[in-house]
Each structure stands twice: as structure tokens, then as C-alpha cells.
Amino acid sequence: MNASQQKVVQYLGEAQAGEQAMMRVLQSQVAMTPRGAYRTLLERHLHQTREHATRIGERLRELGRGRNSISAMMGLAEGFADQMLALSKTPFDLLRGSGGEERVLKNAKDACAAEALEIATYTTIERLAGTVGDDVTGSLAASIRGDEERMLERVLREIPKLTDAVVSSEVKGERSSDVSETGAADAVREAGQTAVKQARATSLSAKRKARQARKVPGVAQAEGEVKGALASERDLAIARYDNLTAEDISGKLGALSQLDLAKIDTYERRHQDRTTIIARVDALRGDEPWAGYDELTASRVQAELAAGDDHRAQQVRSYERSHKNRAGVLKAAERELANA
């Protein structure tokens, strides 16, 4: 297998892992969605998602010339699958929160984020395959991308209706759905306590592997942009965001990670679009000293600096001064530079 085929196999492996993760999410969403047009849409897309995973698997076998070469690439896809689960919520998370109507609405918003990620994935594969002359893979990616785009469009058309249901339930007191009255009751009887345990395990695994995925350059910012496109005020890292002045918010931005900055950037542009905040976010957004840096505690950063890399110490000092400004980290960076 040459280098171009290996890259195509890698991206197809990520796509297949994403489809498999999406199947778990859709199964949980179907289980707690009242019977009707939206649940029918989810059920159809679940069937379609299974077909996508099968078609990709067939193409991987054609390209991989055996299971061993495919398996070698599948490790790279695990982080992507769990990033999909993190964006879409895990099955256990789907059953938490407020009333049934609002849970269904939130699930629909999360589904939009997941669909956007899948569309970006297949757009990438289509482009890559075209560049390396793999027309079969390119056609496959284009076909699946079309399915995902249509699904996103349909979910977006459902959101106003689901929002109206929330208003009727939460504002007017006309509750129309409850998890116990939907397919979730059937799912619980079928799965029982095993499903709950598996969902909890999936939740922990998804969070761990989503953090691992953010160690790839650019992933954290891309994730923040996707989440920000569908975020509510409660999803932001700054409490009571909508009630704060632009000056108050700008003063808090320096402590945020690149993921949270990207999320706020997208959210602010969608809502008040305040120039002061956007300019400050733009000034703060940029490369971390190394991918995954924002996930580390001060002690972990200091341990990394102890390796004695003066270039890395310079990067940390510059980044910290503009962002978290942690005294211990700055002192460790200065010490390493003094000893260089």
C-alpha cells in the first residue's frame, strides 16, 4: 500500500468509526423521542448510518488488501469516534436534564453539530481521493456527504417545531411528552441495567478520548467552532455571559482555552456581535505551545519544561503571558531560559 492509499485508508477509518459512534447516539435519541415525524426521521437516518458504515467497510477491505493493514489504521480513528460522541452527547447524557420536550430539542441541536462534523469529514475524503486519483472513494464520499447534508437540512427544519413544543411545555405548562411515554420505556425494558452501565463507561471513554483527540493541532479550535454554532449561554465557559458587558467579558477571556475561545467567538458572532469581544478573542486565538497544552495543569506544564527545551520555554512564556498568566508556570519557564 503506497502513501496516498494509506492516507485514504486512515480517513476512511475515521469516517467508519464516526458512523459507528453515530449509530449509538441515534439509537439513544430514537429511544427517548415521541412517535411522530421527527422520530421517523431519526429512525430512517439510523438505518442510513448503518448502510454508510457497511459501504465504508467494504471500501476499506478493497483498499486494505486484508484486515491487518486496515487494523493498523483504525487506531487513528478511535479519537475521532469519541470526539463524535462527545459532540453528540453519550447515551447516558441524553437522558439527563429538564423536561422531555427540552431534552429532545437539545438532542436535535447536538445532532446538527455531529452532522456538520460528518459533512466536513466526507468533504475532506472527497477532496483527498480526487487529489490522489481514487475516483471510487471520491464518489463514495460524495454520496454519503449528500446524505448527511440532507439530514442536517431536515433536522434544522424540525428545530422550530421542537422549540414550539418546549414553549408549550415549559412556558404554557402544556406538557406533551415524557421519557416514560416514548420508546425509551421499551429500550429500558430491553436493555435494563446493562445499558446504563455501558452508557456510563462510554461517557468516561468518550471524554478521555476527546481530550486525546485535542492533542492533534487544530482539533480543539475546530471543535470549539462546531460547538459554538449550536451553544446556549449555559454552554459557555463564562457564567451569565449574556448579562455581562463587553468589557467584563473581555477581561475574562485570557484565562480560557483555545476551544472555549473558539466557542465564544462563534457564539458572539451569532448573537450580539460586539466588536470589542471579537477583537479580543482574535488577539488571543492562536497556536498553543504544543497541541493539548490547554488541557494540562500547571504542574504538568512545569514537568514538561523540566526537560530543558529553551524554545519550548519561550513558547510557554509568551503564551502564558497572554492567556492564563500562571505564576508557577511563568517562573518555571524563566528558570529554564536562564539555565539554557
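Bear in mind that the values in this text are calculations on the coordinates, not laboratory data. Note that the structure is predicted; figures quoted are calculated from it, not measured. Note that each Cβ is placed from the backbone with ideal geometry, even for glycine, and that neighbours are counted across all protein chains shown.
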Please work out how much length the chain gains when fully extended from ALA37 to ARG285, using 0.36 nm per residue of separation minus the C-alpha to C-alpha distance, in nm with one decimal.
85.1 nm
Once fully extended, how much extra length lies between ASP248 and ASN2, figured as 0.36 nm per residue of separation less the alpha-carbon to alpha-carbon distance?
83.2 nm
Summing +1 per Lys or Arg and -1 per Asp or Glu among the other residues with Cβ less than 10 Å from TYR319's Cβ gives -1
For the stretch 4-19, take each phi angle, set θ = phi - 60°, evaluate the Karplus expression 6.51 cos²θ - 1.76 cosθ + 1.60, and give the result in whole Hz per residue in order, putting x for glycine and proline.
5, 5, 4, 5, 5, 4, 4, 5, 5, x, 4, 5, 5, 4, x, 5
If you rank HIS323, HIS47, HIS52 by fewest surrounding Cβ atoms within 10 Å, what's the result?
HIS47, HIS323, HIS52
Considering all alpha-carbon pairs of the stretch 1-44, what whole percent are spaced by more than 14 angstrom?
60
Return THR33, THR275 ranked ascending by Cβ neighbour count within 10 Å, so the fewest neighbours appear first.
THR275, THR33
Among LYS106/LYS263; LYS109/LYS324; LYS252/LYS324; LYS263/LYS324; LYS7/LYS227; LYS7/LYS263, which pairs are too far apart, with a Cα-Cα distance over 21 Å?
LYS109/LYS324; LYS7/LYS227; LYS7/LYS263
Pop a pseudo-label 7 angstrom from the Cα along the beta-carbon direction at both ARG44 and SER232 and give the gap in nm to one decimal.
2.8
Highest first, please rank the peptides 6-14, 312-320, 286-294 by the mean number of other Cβ atoms sitting within 10 Å of their residues.
6-14, 312-320, 286-294
Hypothetical label at ALA142: residues of the stretch 103-128 whose amide nitrogen lies under 11 Å (7 Å Cα-Cβ projection)
126-127
Rg and Dmax in Å for the stretch 296-339, alpha carbons only: what are they?
8.9, 24
Quick check for me: using +1 on Lys/Arg Cβ and -1 on Asp/Glu Cβ, what's the dipole size of the stretch 296-339 about its Cα centre, in debye to the nearest 20?
220
Give me THR54, THR137, THR163 ranked fewest to most by other Cβ atoms within 10 Å of their Cβ, as a rough exposure proxy.
THR54, THR163, THR137
